[in-house]
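Report on the following structure.
The values are calculated or read from the model by the stated rules, or taken from the named source; none is laboratory data. This structure is a prediction, so every number in the text was calculated from the model and none was measured. Here the Cβ is made from the backbone with ideal geometry for all residues, glycine too, and neighbour counts use every protein chain on show. Surface areas here come from the heavy atoms of the whole protein model, side chains and all, with no ligands, DNA or RNA. Shrake-Rupley method; radii C 1.70, N 1.55, O 1.52, S 1.80 Å.
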Amino acid sequence: MEPNPSDQSQPLSVIVSYLFAQRDTILNNWRTACQADPIVSKGSALSREEFNNLLPLVLDILEARLMNRPPEADPAVTAQAHGLHRWQKSFALLDTMREVSHLTQILYSELERFHGLFPDTNASLLFQVHQKIAQIMQETMEGSVVKYDELQRLEAFQRVTALEHALTQMTELSRERVNLLRTSAHDLQGGLGIINGAAYMLKLEGLSDNQREKYLAMLSRNLATVEVMLTGLMDLSRLEAGEEVLEIQSVDVAPLLHGMAQSGQALAAERKLFLRAEGPASLPVETDPIKLQRIMQNLLLNALKYTPTGFVSISWSLENDARWLVSVQDSGPGLPSSLAGVFGDQLRPTVEATSVLAADAAEPVTVLPEHVPTIPDSDELSQLAHQASQGEGVGLQIVKRLCELLKASLEVESIAGRGTLFRVRFPVHYTD
(Lines give C-alpha, C1' and ligand atoms only; values in the text may rest on other atoms or scores of the structure.)
Protein backbone atom coordinates (compact mmCIF):
# COMPACT_ATOMS: atom_id res chain seq x y z
CA MET A 1 0.00 0.00 0.00
CA GLU A 2 1.32 3.42 -0.96
CA PRO A 3 1.92 5.83 1.96
CA ASN A 4 -0.33 8.80 2.26
CA PRO A 5 1.63 11.93 1.30
CA SER A 6 -0.12 13.81 4.06
CA ASP A 7 1.23 11.36 6.71
CA GLN A 8 3.52 13.12 9.14
CA SER A 9 6.09 11.71 11.58
CA GLN A 10 5.04 8.21 12.62
CA PRO A 11 4.98 7.13 16.29
CA LEU A 12 7.11 4.24 17.54
CA SER A 13 4.07 1.94 17.69
CA VAL A 14 3.70 2.20 13.90
CA ILE A 15 7.31 1.08 13.38
CA VAL A 16 6.70 -1.83 15.72
CA SER A 17 3.49 -2.77 13.86
CA TYR A 18 5.33 -2.56 10.56
CA LEU A 19 8.17 -4.87 11.71
CA PHE A 20 5.63 -7.32 13.14
CA ALA A 21 3.65 -7.38 9.87
CA GLN A 22 6.90 -8.04 7.95
CA ARG A 23 8.13 -10.78 10.29
CA ASP A 24 7.58 -13.72 7.93
CA THR A 25 9.18 -11.75 5.11
CA ILE A 26 12.12 -10.92 7.36
CA LEU A 27 12.67 -14.58 8.25
CA ASN A 28 12.29 -15.72 4.63
CA ASN A 29 14.77 -13.10 3.41
CA TRP A 30 17.12 -14.10 6.22
CA ARG A 31 17.15 -17.74 5.15
CA THR A 32 17.65 -16.74 1.51
CA ALA A 33 20.63 -14.59 2.48
CA CYS A 34 22.14 -17.41 4.51
CA GLN A 35 21.67 -19.91 1.67
CA ALA A 36 23.45 -17.53 -0.69
CA ASP A 37 26.38 -17.27 1.74
CA PRO A 38 28.95 -19.99 0.85
CA ILE A 39 30.26 -20.00 4.43
CA VAL A 40 26.85 -20.71 6.01
CA SER A 41 26.40 -24.06 4.29
CA LYS A 42 24.60 -26.24 6.85
CA GLY A 43 21.39 -24.19 7.13
CA SER A 44 19.96 -25.46 3.84
CA ALA A 45 19.67 -28.97 5.33
CA LEU A 46 17.36 -27.77 8.11
CA SER A 47 13.60 -27.43 7.93
CA ARG A 48 12.13 -23.92 8.15
CA GLU A 49 11.19 -24.42 11.80
CA GLU A 50 14.63 -25.81 12.70
CA PHE A 51 16.40 -23.00 10.88
CA ASN A 52 14.33 -20.25 12.49
CA ASN A 53 14.68 -21.92 15.88
CA LEU A 54 14.45 -19.20 18.59
CA LEU A 55 14.96 -16.17 16.32
CA PRO A 56 11.20 -15.35 16.32
CA LEU A 57 11.50 -15.20 20.11
CA VAL A 58 14.44 -12.81 19.71
CA LEU A 59 12.19 -10.60 17.55
CA ASP A 60 9.57 -10.71 20.34
CA ILE A 61 12.23 -9.47 22.77
CA LEU A 62 13.14 -6.67 20.34
CA GLU A 63 9.50 -5.64 20.11
CA ALA A 64 9.12 -5.64 23.92
CA ARG A 65 12.17 -3.40 24.28
CA LEU A 66 10.95 -1.00 21.61
CA MET A 67 7.65 -0.71 23.47
CA ASN A 68 9.52 -0.31 26.77
CA ARG A 69 7.97 -3.34 28.42
CA PRO A 70 9.70 -6.36 30.02
CA PRO A 71 10.23 -9.26 27.60
CA GLU A 72 8.55 -12.58 28.32
CA ALA A 73 11.81 -14.51 27.71
CA ASP A 74 15.28 -13.91 29.12
CA PRO A 75 17.41 -12.56 26.24
CA ALA A 76 20.64 -14.20 27.48
CA VAL A 77 19.01 -17.59 27.98
CA THR A 78 17.32 -17.38 24.58
CA ALA A 79 20.60 -16.47 22.85
CA GLN A 80 22.48 -19.31 24.55
CA ALA A 81 19.71 -21.78 23.71
CA HIS A 82 20.02 -20.75 20.05
CA GLY A 83 23.79 -21.28 20.25
CA LEU A 84 23.22 -24.74 21.78
CA HIS A 85 20.81 -25.64 18.96
CA ARG A 86 23.33 -24.62 16.32
CA TRP A 87 26.07 -26.59 18.07
CA GLN A 88 23.85 -29.66 18.11
CA LYS A 89 23.23 -29.19 14.39
CA SER A 90 27.01 -29.14 13.78
CA PHE A 91 27.19 -25.43 12.96
CA ALA A 92 30.58 -23.85 13.40
CA LEU A 93 30.76 -20.70 15.51
CA LEU A 94 31.51 -18.67 12.40
CA ASP A 95 28.32 -20.04 10.76
CA THR A 96 26.22 -18.90 13.70
CA MET A 97 27.85 -15.46 13.88
CA ARG A 98 27.35 -14.87 10.16
CA GLU A 99 23.69 -15.90 10.20
CA VAL A 100 23.02 -13.50 13.09
CA SER A 101 24.85 -10.82 11.12
CA HIS A 102 22.61 -11.51 8.09
CA LEU A 103 19.48 -11.13 10.22
CA THR A 104 20.80 -7.85 11.61
CA GLN A 105 21.34 -6.45 8.12
CA ILE A 106 17.85 -7.55 7.02
CA LEU A 107 16.28 -5.75 10.01
CA TYR A 108 18.25 -2.62 9.07
CA SER A 109 16.96 -2.96 5.50
CA GLU A 110 13.38 -3.17 6.72
CA LEU A 111 13.91 -0.06 8.80
CA GLU A 112 15.18 1.72 5.67
CA ARG A 113 12.07 0.56 3.75
CA PHE A 114 9.87 1.94 6.48
CA HIS A 115 11.70 5.23 6.21
CA GLY A 116 11.09 5.17 2.46
CA LEU A 117 7.38 4.68 3.07
CA PHE A 118 7.29 7.36 5.75
CA PRO A 119 10.08 9.82 4.93
CA ASP A 120 8.89 12.33 7.52
CA THR A 121 9.48 9.93 10.42
CA ASN A 122 11.60 11.55 13.11
CA ALA A 123 15.26 10.69 12.50
CA SER A 124 16.00 10.33 16.22
CA LEU A 125 13.19 7.78 16.48
CA LEU A 126 14.67 5.75 13.63
CA PHE A 127 18.09 6.00 15.24
CA GLN A 128 16.62 4.71 18.52
CA VAL A 129 15.10 1.70 16.74
CA HIS A 130 18.39 1.13 14.95
CA GLN A 131 20.23 1.08 18.28
CA LYS A 132 17.72 -1.37 19.79
CA ILE A 133 18.17 -3.71 16.82
CA ALA A 134 21.96 -3.51 17.14
CA GLN A 135 21.78 -4.15 20.88
CA ILE A 136 19.50 -7.21 20.76
CA MET A 137 21.37 -8.77 17.85
CA GLN A 138 24.71 -8.15 19.57
CA GLU A 139 23.36 -9.89 22.68
CA THR A 140 22.15 -12.78 20.52
CA MET A 141 25.58 -13.17 18.97
CA GLU A 142 27.36 -12.87 22.32
CA GLY A 143 25.02 -15.43 23.90
CA SER A 144 25.79 -17.89 21.13
CA VAL A 145 29.52 -17.27 21.53
CA VAL A 146 29.27 -17.83 25.28
CA LYS A 147 27.43 -21.13 24.74
CA TYR A 148 29.92 -22.24 22.07
CA ASP A 149 32.80 -21.40 24.39
CA GLU A 150 31.19 -23.41 27.20
CA LEU A 151 30.54 -26.37 24.92
CA GLN A 152 34.03 -26.26 23.44
CA ARG A 153 35.54 -26.22 26.93
CA LEU A 154 33.35 -29.18 27.87
CA GLU A 155 34.31 -31.02 24.68
CA ALA A 156 37.99 -30.31 25.30
CA PHE A 157 37.66 -31.61 28.85
CA GLN A 158 35.91 -34.73 27.58
CA ARG A 159 38.65 -35.25 25.00
CA VAL A 160 41.33 -34.90 27.66
CA THR A 161 39.44 -37.34 29.88
CA ALA A 162 39.04 -39.77 26.98
CA LEU A 163 42.74 -39.47 26.12
CA GLU A 164 43.71 -40.04 29.75
CA HIS A 165 41.43 -43.07 29.86
CA ALA A 166 42.88 -44.37 26.58
CA LEU A 167 46.41 -43.82 27.90
CA THR A 168 45.54 -45.71 31.09
CA GLN A 169 44.09 -48.54 29.02
CA MET A 170 47.16 -48.64 26.78
CA THR A 171 49.43 -48.70 29.84
CA GLU A 172 47.37 -51.50 31.36
CA LEU A 173 47.33 -53.46 28.10
CA SER A 174 51.07 -52.97 27.78
CA ARG A 175 51.54 -54.25 31.33
CA GLU A 176 49.31 -57.24 30.61
CA ARG A 177 51.21 -57.96 27.42
CA VAL A 178 54.51 -57.88 29.33
CA ASN A 179 53.03 -60.28 31.86
CA LEU A 180 51.73 -62.48 29.06
CA LEU A 181 55.12 -62.61 27.36
CA ARG A 182 56.88 -63.14 30.69
CA THR A 183 54.58 -66.05 31.49
CA SER A 184 54.97 -67.48 27.99
CA ALA A 185 58.74 -67.25 28.35
CA HIS A 186 58.42 -68.99 31.71
CA ASP A 187 56.32 -71.73 30.13
CA LEU A 188 58.84 -72.12 27.32
CA GLN A 189 61.64 -72.27 29.86
CA GLY A 190 59.69 -74.91 31.75
CA GLY A 191 59.13 -76.95 28.60
CA LEU A 192 62.79 -76.67 27.61
CA GLY A 193 63.81 -77.56 31.16
CA ILE A 194 61.76 -80.73 30.94
CA ILE A 195 63.27 -81.52 27.52
CA ASN A 196 66.80 -80.97 28.84
CA GLY A 197 66.03 -83.06 31.91
CA ALA A 198 64.61 -85.90 29.85
CA ALA A 199 67.56 -85.74 27.44
CA TYR A 200 69.97 -85.79 30.39
CA MET A 201 68.24 -88.82 31.91
CA LEU A 202 68.38 -90.64 28.56
CA LYS A 203 72.18 -90.26 28.56
CA LEU A 204 72.49 -92.13 31.84
CA GLU A 205 73.56 -95.73 31.71
CA GLY A 206 71.63 -98.48 33.37
CA LEU A 207 68.14 -97.27 32.41
CA SER A 208 65.58 -99.98 31.90
CA ASP A 209 63.66 -100.18 28.65
CA ASN A 210 60.55 -99.03 30.51
CA GLN A 211 62.31 -95.95 31.91
CA ARG A 212 63.89 -95.14 28.56
CA GLU A 213 60.50 -95.38 26.85
CA LYS A 214 59.00 -93.14 29.53
CA TYR A 215 61.63 -90.43 29.05
CA LEU A 216 61.41 -90.65 25.26
CA ALA A 217 57.63 -90.14 25.45
CA MET A 218 58.13 -87.20 27.79
CA LEU A 219 60.72 -85.71 25.44
CA SER A 220 58.43 -86.07 22.43
CA ARG A 221 55.40 -84.69 24.27
CA ASN A 222 57.22 -81.60 25.51
CA LEU A 223 58.86 -80.90 22.17
CA ALA A 224 55.32 -80.79 20.75
CA THR A 225 54.23 -78.49 23.58
CA VAL A 226 57.10 -76.06 22.96
CA GLU A 227 56.30 -76.08 19.24
CA VAL A 228 52.67 -75.20 19.99
CA MET A 229 53.76 -72.33 22.27
CA LEU A 230 56.15 -70.90 19.67
CA THR A 231 53.52 -71.22 16.93
CA GLY A 232 51.01 -69.42 19.14
CA LEU A 233 53.41 -66.56 19.84
CA MET A 234 54.20 -66.19 16.13
CA ASP A 235 50.48 -66.24 15.26
CA LEU A 236 49.82 -63.56 17.87
CA SER A 237 52.68 -61.43 16.54
CA ARG A 238 51.27 -61.60 13.00
CA LEU A 239 47.80 -60.62 14.23
CA GLU A 240 49.09 -57.67 16.23
CA ALA A 241 51.23 -56.55 13.29
CA GLY A 242 48.14 -56.50 11.04
CA GLU A 243 49.59 -59.09 8.69
CA GLU A 244 46.48 -61.29 8.69
CA VAL A 245 44.12 -60.74 5.74
CA LEU A 246 40.47 -61.76 5.72
CA GLU A 247 39.37 -64.16 3.00
CA ILE A 248 35.59 -64.05 3.30
CA GLN A 249 33.62 -66.69 1.43
CA SER A 250 30.25 -68.40 1.61
CA VAL A 251 30.57 -71.44 3.86
CA ASP A 252 28.25 -73.92 5.52
CA VAL A 253 29.83 -73.81 8.97
CA ALA A 254 27.78 -76.68 10.44
CA PRO A 255 29.87 -79.50 8.83
CA LEU A 256 33.06 -77.60 9.72
CA LEU A 257 32.06 -77.37 13.39
CA HIS A 258 30.92 -80.99 13.44
CA GLY A 259 34.28 -82.00 12.00
CA MET A 260 36.21 -80.04 14.61
CA ALA A 261 34.20 -81.63 17.41
CA GLN A 262 34.91 -85.04 15.90
CA SER A 263 38.64 -84.31 15.74
CA GLY A 264 38.60 -83.44 19.44
CA GLN A 265 37.02 -86.75 20.48
CA ALA A 266 40.41 -88.53 20.75
CA LEU A 267 41.76 -85.97 23.24
CA ALA A 268 38.45 -85.99 25.10
CA ALA A 269 38.57 -89.78 25.38
CA GLU A 270 42.19 -89.65 26.55
CA ARG A 271 41.18 -87.23 29.32
CA LYS A 272 37.99 -89.22 30.03
CA LEU A 273 35.76 -86.28 29.10
CA PHE A 274 32.42 -86.28 27.29
CA LEU A 275 32.55 -84.01 24.23
CA ARG A 276 29.24 -83.15 22.61
CA ALA A 277 28.44 -81.04 19.54
CA GLU A 278 24.97 -79.84 18.63
CA GLY A 279 23.48 -77.37 16.20
CA PRO A 280 21.54 -77.19 12.93
CA ALA A 281 22.74 -79.59 10.26
CA SER A 282 23.23 -76.68 7.87
CA LEU A 283 24.21 -73.08 8.63
CA PRO A 284 25.30 -71.20 5.49
CA VAL A 285 27.02 -67.89 6.30
CA GLU A 286 29.86 -65.69 5.10
CA THR A 287 33.14 -66.08 7.01
CA ASP A 288 36.84 -66.79 6.76
CA PRO A 289 36.83 -70.58 7.38
CA ILE A 290 40.53 -70.77 8.27
CA LYS A 291 40.27 -68.08 10.94
CA LEU A 292 37.00 -69.54 12.24
CA GLN A 293 38.78 -72.89 12.55
CA ARG A 294 41.65 -71.29 14.47
CA ILE A 295 39.21 -69.64 16.89
CA MET A 296 37.39 -72.89 17.52
CA GLN A 297 40.61 -74.92 17.84
CA ASN A 298 41.91 -72.60 20.55
CA LEU A 299 38.63 -72.53 22.46
CA LEU A 300 38.08 -76.29 22.19
CA LEU A 301 41.65 -77.23 23.14
CA ASN A 302 41.49 -74.75 26.01
CA ALA A 303 38.27 -76.35 27.29
CA LEU A 304 39.64 -79.89 26.95
CA LYS A 305 42.94 -78.93 28.56
CA TYR A 306 41.48 -77.12 31.59
CA THR A 307 38.64 -79.56 32.33
CA PRO A 308 39.91 -82.38 34.54
CA THR A 309 36.64 -84.34 34.57
CA GLY A 310 33.15 -83.93 33.21
CA PHE A 311 31.83 -82.43 30.01
CA VAL A 312 32.68 -80.14 27.12
CA SER A 313 30.04 -79.03 24.64
CA ILE A 314 30.02 -77.08 21.37
CA SER A 315 26.80 -75.54 20.07
CA TRP A 316 25.90 -73.19 17.24
CA SER A 317 22.76 -71.49 15.97
CA LEU A 318 21.43 -68.65 13.86
CA GLU A 319 20.60 -65.77 16.22
CA ASN A 320 18.86 -63.52 13.68
CA ASP A 321 19.24 -62.33 10.10
CA ALA A 322 22.41 -60.43 11.01
CA ARG A 323 24.25 -62.66 13.51
CA TRP A 324 25.04 -66.30 14.18
CA LEU A 325 26.74 -67.66 17.25
CA VAL A 326 28.87 -70.55 18.43
CA SER A 327 29.72 -71.43 22.03
CA VAL A 328 32.14 -73.70 23.86
CA GLN A 329 31.19 -74.64 27.42
CA ASP A 330 32.99 -76.85 29.93
CA SER A 331 32.49 -78.14 33.46
CA GLY A 332 36.03 -77.26 34.50
CA PRO A 333 37.33 -75.21 37.44
CA GLY A 334 36.43 -71.84 35.91
CA LEU A 335 38.68 -69.27 34.27
CA PRO A 336 41.74 -68.44 36.41
CA SER A 337 41.86 -64.82 37.53
CA SER A 338 45.34 -64.52 36.01
CA LEU A 339 43.81 -64.96 32.55
CA ALA A 340 41.25 -62.18 32.97
CA GLY A 341 43.84 -59.58 31.98
CA VAL A 342 44.18 -61.20 28.56
CA PHE A 343 40.92 -59.57 27.52
CA GLY A 344 41.56 -56.05 28.78
CA ASP A 345 38.58 -53.93 29.82
CA GLN A 346 36.53 -55.14 26.84
CA LEU A 347 35.94 -58.58 28.31
CA ARG A 348 35.88 -59.86 31.85
CA PRO A 349 34.68 -63.19 33.22
CA THR A 350 31.25 -62.41 34.65
CA VAL A 351 28.14 -64.08 35.93
CA GLU A 352 25.07 -61.85 35.69
CA ALA A 353 21.37 -62.41 36.29
CA THR A 354 20.87 -63.22 32.62
CA SER A 355 23.93 -65.44 32.29
CA VAL A 356 23.65 -69.02 31.14
CA LEU A 357 25.77 -70.08 34.10
CA ALA A 358 24.24 -69.36 37.50
CA ALA A 359 25.67 -70.34 40.85
CA ASP A 360 27.46 -68.88 43.85
CA ALA A 361 30.93 -68.10 42.54
CA ALA A 362 33.98 -69.01 44.57
CA GLU A 363 37.46 -67.60 44.05
CA PRO A 364 39.09 -69.01 40.89
CA VAL A 365 42.24 -71.07 41.26
CA THR A 366 45.35 -70.65 39.08
CA VAL A 367 47.34 -73.72 38.06
CA LEU A 368 50.68 -72.22 37.07
CA PRO A 369 54.15 -73.57 37.97
CA GLU A 370 56.23 -71.39 40.24
CA HIS A 371 59.68 -72.84 39.48
CA VAL A 372 61.48 -75.24 37.14
CA PRO A 373 64.38 -77.36 38.49
CA THR A 374 67.48 -77.55 36.33
CA ILE A 375 67.69 -81.36 36.37
CA PRO A 376 64.47 -82.83 37.77
CA ASP A 377 64.03 -86.41 38.78
CA SER A 378 61.43 -88.61 37.13
CA ASP A 379 58.56 -87.72 39.52
CA GLU A 380 59.26 -84.00 39.15
CA LEU A 381 59.43 -84.41 35.38
CA SER A 382 55.98 -85.97 35.33
CA GLN A 383 54.53 -83.18 37.45
CA LEU A 384 56.16 -80.42 35.42
CA ALA A 385 55.07 -82.02 32.16
CA HIS A 386 51.48 -81.76 33.37
CA GLN A 387 51.95 -78.13 34.47
CA ALA A 388 53.76 -77.00 31.34
CA SER A 389 50.90 -78.30 29.24
CA GLN A 390 48.63 -75.76 30.94
CA GLY A 391 50.20 -72.68 29.32
CA GLU A 392 48.61 -69.27 29.81
CA GLY A 393 46.88 -66.64 27.76
CA VAL A 394 48.37 -66.81 24.27
CA GLY A 395 45.60 -68.97 22.79
CA LEU A 396 42.89 -66.78 24.29
CA GLN A 397 44.65 -63.63 23.10
CA ILE A 398 44.74 -65.11 19.58
CA VAL A 399 41.00 -65.82 19.84
CA LYS A 400 40.35 -62.22 20.89
CA ARG A 401 42.41 -60.79 18.04
CA LEU A 402 40.81 -63.06 15.45
CA CYS A 403 37.35 -62.10 16.71
CA GLU A 404 38.24 -58.42 16.30
CA LEU A 405 39.44 -59.14 12.77
CA LEU A 406 36.18 -60.95 11.93
CA LYS A 407 34.06 -58.21 13.60
CA ALA A 408 32.76 -60.81 16.03
CA SER A 409 31.89 -60.24 19.69
CA LEU A 410 33.55 -62.49 22.27
CA GLU A 411 31.79 -63.07 25.58
CA VAL A 412 32.74 -65.20 28.56
CA GLU A 413 30.88 -66.42 31.62
CA SER A 414 32.85 -68.24 34.28
CA ILE A 415 32.18 -69.63 37.75
CA ALA A 416 34.92 -71.08 39.91
CA GLY A 417 34.29 -74.76 40.42
CA ARG A 418 31.44 -74.94 37.90
CA GLY A 419 32.84 -74.15 34.48
CA THR A 420 33.37 -71.60 31.73
CA LEU A 421 31.36 -70.60 28.68
CA PHE A 422 32.87 -68.79 25.68
CA ARG A 423 30.33 -67.41 23.21
CA VAL A 424 31.23 -65.80 19.87
CA ARG A 425 28.73 -63.86 17.74
CA PHE A 426 29.67 -63.54 14.08
CA PRO A 427 28.08 -61.46 11.28
CA VAL A 428 26.05 -63.54 8.84
CA HIS A 429 27.19 -61.29 5.96
CA TYR A 430 30.17 -58.99 5.42
CA THR A 431 30.18 -55.84 3.33
CA ASP A 432 33.22 -54.43 1.57
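Table for the structure above
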read-out	value
FRET efficiency, E139 to Y430 (Cβ-Cβ, R0 56 Å, nearest 0.05)	0.55
With all protein chains modelled, accessible area of S47 [1.4 Å, Å²]	50 Å²
Rg/Rg_ref, segment 274-322, where Rg_ref = 2.2 N^0.38 Å and atoms are Cα	1.33
Area accessible to solvent at T104, 1.4 Å probe radius, in Å²	20 Å²
Amide N proximity, segment 257-298 versus L318 label position 7 Å along Cα-to-Cβ, cut-off under 14 Å	280-286
Descending principal axes extents, segment 240-309, alpha-carbon based, whole Å	37, 34, 13
With every protein chain in place, segment 76-162: carbon and sulfur % of accessible area (1.4 Å)	57 percent
Whole-percent pair-distance distribution, where bins are 5 Å wide, for the alpha carbons of segment 34-166	2, 9, 17, 19, 17, 13, 10, 6, 3, 2, 1, 1, 0, 0
Listed residues I39, I15, I290 arranged by accessible area, highest first, probe 1.4 Å	I290, I39, I15
Net charge of neighbours whose Cβ lies under 15 Å from the Cβ of D252, counting Lys and Arg as +1 and Asp and Glu as -1	-2
L117 paired with L301, simple spin-label distance in nm, labels 7 Å along Cα-to-beta-carbon	8.7 nm
Extension gain, K407 back to Q158 (0.36 nm per residue minus Cα-Cα distance, nm)	86.9 nm
Shape metrics for segment 78-133, restricted to C-alpha atoms - Rg then Dmax, Å	15.3, 46
Distant-in-sequence amide H partners of A277 (H built 1.01 Å from N, under 5 Å)	I314
